[in-house]
Amino acid sequence: MSRVCELTGKGPMTGNNVSHANNKSRRRFLPNLNDVTLMSEALGQSFKLRISAAGLRSVDHRGGLDAYLAKAKDTELSTAALKIKKAIAKAQEAAA
């Protein structure tokens, strides 16, 4: 399982561990990923996603999964999130 947020595309970054003696060794900064279940109002269904804590705050800020995916760029989303986005768009189009 890759360490990439399914909604924001946030992944591992690299940097240095710096000791008191200023010795430097390479390290990885991993994103804070959580397994969450988000509800889609348009589909009336819940989806399990692996997203970062910052991504979860963004979903809450935009007003839920449907609103977040409507504004999200397709290049940042995972394949599972893209399928959900297209299903939501289709359901909203049919309802209108």
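Filter the range 19-40 down to the residues that are assigned to a loop (DSSP other than H, G, I, E, B) and not hydrophobic (A, V, I, L, M, F, W, C) and list them by number. Steps first, answer last, please.
The initial filter retains those residues of the range 19-40 that are assigned to a loop (DSSP other than H, G, I, E, B), namely 19-23, 30-32.
Correct list: SER19, HIS20, ASN22, ASN23, PRO31, ASN32.
Please go through the range 24-53 and pick out each residue that is of a type in the set (A, V, I, L, M, F, W, C) and in contact with a Lys or Arg (Cβ under 7 Å, 6 or more places away or on another chain).
The answer is LEU30, LEU33.
Quick check on ASP60: is it over 18 Å from MET1 (Cα atoms) and among the acidic types (Asp, Glu)?
yes
Hey, can you tell me all the residues within the range 59-96 that are hydrophobic (A, V, I, L, M, F, W, C), in contact (Cβ under 8 Å) with a residue 60 or more places away in the chain, surrounded by fewer than 19 Cβ atoms within 10 Å (Cβ to Cβ) and part of a loop (DSSP other than H, G, I, E, B)?
none
Checking the structure you have, find out if any residue of the range 6-14 is touching a Cys at 6+ places or on another chain (Cβ under 7 Å), aliphatic (A, V, I, L, M) and in contact (Cβ under 8 Å) with a residue 40 or more places away in the chain. Steps first, answer last, please.
Going residue by residue through the range 6-14, those that are touching a Cys at 6+ places or on another chain (Cβ under 7 Å) are none.
No, because not a single residue in the range 6-14 is touching a Cys at 6+ places or on another chain (Cβ under 7 Å), aliphatic (A, V, I, L, M) and in contact (Cβ under 8 Å) with a residue 40 or more places away in the chain.
Could you check ASN16 against (1) within 26 Å of LYS73 (Cα to Cα); (2) not β-branched (Val, Ile, Thr); (3) not in a loop (DSSP other than H, G, I, E, B) and say which number it fails?
Checking ASN16 against (1) within 26 Å of LYS73 (Cα to Cα); (2) not β-branched (Val, Ile, Thr); (3) not in a loop (DSSP other than H, G, I, E, B), the one that fails is (1).
Just to verify a result, which residue in the range 22-43, among those that are among the small types (Gly, Ala, Ser) and touching a helix residue (DSSP H, G or I) at 6+ places or on another chain (Cβ under 9 Å), is surrounded by the fewest Cβ atoms within 10 Å (Cβ to Cβ)?
Of all residues in the range 22-43, those among the small types (Gly, Ala, Ser) come to 25, 40, 42.
This time we only want the ones that are touching a helix residue (DSSP H, G or I) at 6+ places or on another chain (Cβ under 9 Å), so: 40, 42.
On the way: SER40: 18, ALA42: 20.
This residue is SER40.
Give me a count of the residues in the range 41-56 that are more than 10 Å from the chain's Cα centre (by Cα) and either over 17 Å from THR79 (Cα atoms) or part of a helix (DSSP H, G or I) (or both). Full working, then the answer.
Initially, the range 41-56 is screened for residues more than 10 Å from the chain's Cα centre (by Cα), giving 41-48.
The next check asks that each one be either over 17 Å from THR79 (Cα atoms) or part of a helix (DSSP H, G or I) (or both); those that pass are 41-45.
Within the range 41-56, residues that are more than 10 Å from the chain's Cα centre (by Cα) and either over 17 Å from THR79 (Cα atoms) or part of a helix (DSSP H, G or I) (or both) number 5.
Every number here is computed from the coordinates shown, using simple stated rules; none is lab data. Owing to the predicted nature of the structure, the values given are computational and were not obtained by experimental measurement. FYI the Cβ positions are ideal-geometry reconstructions off the backbone, even for glycines, and counts take in every protein chain you see.
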